[in-house]
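I have placed the structure first, in the form of structure tokens, so that the comments after it can refer back to it.
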Amino acid sequence: MSNELRIDAVLKSIDVYGRLAFGGQCVAAMAMIAAPLLLLTASILPFAVWGDNHREAIAVWLGGWVLALAVGAAGVGFGVFCWRWSGDWITEWPGYAVAFGFAGLGNAGLGYMLTSTPIPIYLSFAIAMSAVFVAGLLVAGHLGGMRVLPEQREQRERELASRR
């Protein structure tokens, strides 16, 4: 297989990789939104609930901070990992707005499932993260910058044809 054919195959697969990357970035945005919320909750709740038992309150406070930092770092790490395969169209503000919008809705749904439904915790996380990933995957092709790819593909095909 010639080098030109491999490049053409990669250009045709960008749509799939870009969609998968955007879905992953939506899930990463969920973690980036959840981290400060966990940090705030871990700073207030332990002292309100365990006000008299200072050791337990401090243990829960420190555990909450560690959890918040881990979730935030995981979100940033996963976002950077997915960014490698995303197209330039994701780096425009509509892509970020849509990703954080889906993430906010996913976190709100997760909070509702955790507090108001009998759904098990692990299933609540799986449902919320899957829904946000699929929403990002489906909407990625309709974001403004994504429409550039077919034109770029046609231009690349013309360049390949002119070389032959």
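What follows is calculated from the coordinates using simple rules that are stated; it is not laboratory data. All of these numbers come straight from a predicted model, not from anything done at the bench. Cβ placement follows ideal geometry from the backbone for every residue including glycine, while neighbour counts extend to all protein chains displayed.
Going from the residue with the fewest nearby Cβ atoms within 10 Å to the one with the most, 115, 41 rank 115, 41. Here the residues 67, 123, ranked from fewest to most Cβ neighbours within 10 Å of their Cβ, fall in the order 123, 67.
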